[in-house]
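What follows is a short report on a single structure.
Any read-out appearing in this document is the output of simple, stated calculations on the displayed coordinates, not a laboratory observation. What you are looking at is a predicted structure, and each value in this text was computed from that prediction instead of being measured. So basically every Cβ, Gly included, is an ideal-geometry build from the backbone, and we count neighbours across all protein chains shown.
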Amino acid sequence: MTIQLTLVSTTYLIFDLPYVIIFLVQSCGYPNFASNIIQPYVASLTYVPAIVLPYATLLALPRLKQKLCRLFFWKRHQRQIVPLTTYT
């Protein structure tokens, strides 16, 4: 649970931090600071955590790889053919 919380938090921090920094600098009195890069680059970064978050959560689940292998590659029981013997 702690690993999942850490992954979720870092995912949001990594992708939202540039936008927050630019917004804080603009709020402090520099209204034109990085205004030419906000729209094409930084504003679209805020949508990335919604895409990355499910994969980050799946990576944190223990024994997921084993369960998926068992689900997709389950082995069928092999039947053994034995010759009939007659006792005389």
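Peptides 21-27, 58-64 ranked from most to least packed by the mean count of surrounding Cβ atoms within 10 Å: 21-27, 58-64.
Give the angle, between 0 and 90 degrees and rounded to the nearest 10, that separates the Cα long axis of helix 48-60 from the longest principal axis of the Cα atoms of the chain. Here the helix axis deviates by roughly 40 degrees.
Extending 7 Å from Cα along the Cβ direction at Val82 and again at Ala56 yields two label points whose distance is 5.7 nm.
Roughly speaking, what % of Cα-Cα pairs in segment 30-88 are separated by over 15 Å, rounded to a whole number? Value for segment 30-88: 76 percent of Cα pairs lie more than 15 Å apart. With a simple spin-label model that places each label point 7 Å from the Cα along the Cα-to-Cβ direction, the separation between Ser44 and Lys75 comes to 4.8 nm.
Summed over all non-identical Cα pairs, the Kirkwood treatment of segment 2-61 gives a radius of 12.6 Å.
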